[in-house]
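Below is one structure, written out as structure tokens; comments come after it.
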Amino acid sequence: MATLLHLHDWPDRAVIGTVGRPGARTFYLQARTGRRLTSVAMEKQWAATLAEKIDEILDELMTLDGNRYSVPAEAFAELLDADPVEQPVEEDFRLGQMRLHFDRATGQVVVEAFPLVEVESEEEAERLAAEDPEPEEAMVLRMPVGTARAFAERARRVVAQGRPACPRCGEPVDPDGHDCPATPSW
């Protein structure tokens with residue numbers, strides 16, 4: 001079976017965003033090219049790691065002798081997107097695996113996202129790992145370096161908007177309160 005490919009080459013918009021309140025948020029990698037919109041659900045840690053790895057790629061490019069890609073050290077303010085994810089969010093798939101690289105031929109950061117594969121047994125997982133089947137669906141997002149830097153900056157900001165950390169134990173504090181394990185019970 002052929003893979004359903006959601007390709008966004010030079011997208012009109014590419015963001016990490018959330019739906020829900022802190023503590024119950026769902027994170028999305030969302031891209032729009034024209035009227036085509038793709039929304040991939042992901043864990044918070046995926047969003048944080050993606051931002052970190054994009055910055056690592058861009059920072060490394062900046063150190064190359066004769067760098068021809070004009071990589072900005074920081075995100076340009078006019079490229080930062082502060083708008084929420086586009087609604088209604090219709091999840092195309094839940095992220096299970098991701099690849100990231102730089103395409104030197106086009107000067108773009110390329111994010112490849114693949115769905116989470118649910119397995120019912122350890123034997124099935126081993127069989128799938130040995131066969132390495134083609135995914136049913138995939139998203140390929142190709143961004144120029146300036147857009148990629150702004151994408152990473154926004155992702156870091158979205159991740160940081162979560163619940164505040166307890167000053168005693170470091171665990172997240174819900175708006176309804178927090179049972180801190182570091183507080184003595186008299």
Q.
Please go through (1) over 21 Å from GLU137 (Cβ atoms); (2) hydroxyl-bearing (Ser, Thr, Tyr); (3) free of Cβ contacts under 8 Å to residues at least 40 places away in the same chain for TYR69 and return the number of the only condition it doesn't satisfy.
A. (3)
Q. Looking at LEU58, LEU50, LEU79, which is the one that is within 17 Å of PRO115 (Cβ to Cβ) and in contact with a helix residue (DSSP H, G or I) (Cβ under 9 Å, 6 or more places away or on another chain)?
A. LEU50
Q.
Given the options ASP12, ASP81, name the one that is surrounded by 11 or more Cβ atoms within 10 Å (Cβ to Cβ), modelled with pLDDT of 95 or more and over 30 Å from PRO135 (Cα atoms).
A. ASP81
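Conditions tested, residue by residue: (1) under 16 Å from the mean Cα position of the chain (by Cα); (2) under 20 Å from ARG154 (Cα atoms).
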site	(1), (2)
ALA14	yes, yes
PHE27	yes, yes
ARG36	no, no
THR63	no, no
GLN97	yes, no
ALA105	no, no
Q) Of the residues VAL71, VAL40, which is out of contact with any Asp or Glu (no Cβ under 7 Å at 6 or more places or on another chain) and either within 17 Å of PHE151 (Cβ to Cβ) or part of a helix (DSSP H, G or I) (or both)? A) VAL71
Q | Hits in segment 156-169 - residues which are surrounded by 10 or more Cβ atoms within 10 Å (Cβ to Cβ) and without any contact (Cβ under 8 Å) to a residue 60 or more places away in the chain | A | ARG157, PRO164, ALA165, CYS166, ARG168, CYS169
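The values are calculated or read from the model by the stated rules, or taken from the named source; none is laboratory data. These figures come from a predicted structure and were not determined experimentally. Neighbour counts run over all protein chains shown; Cβ positions are idealised from the backbone, glycine included.
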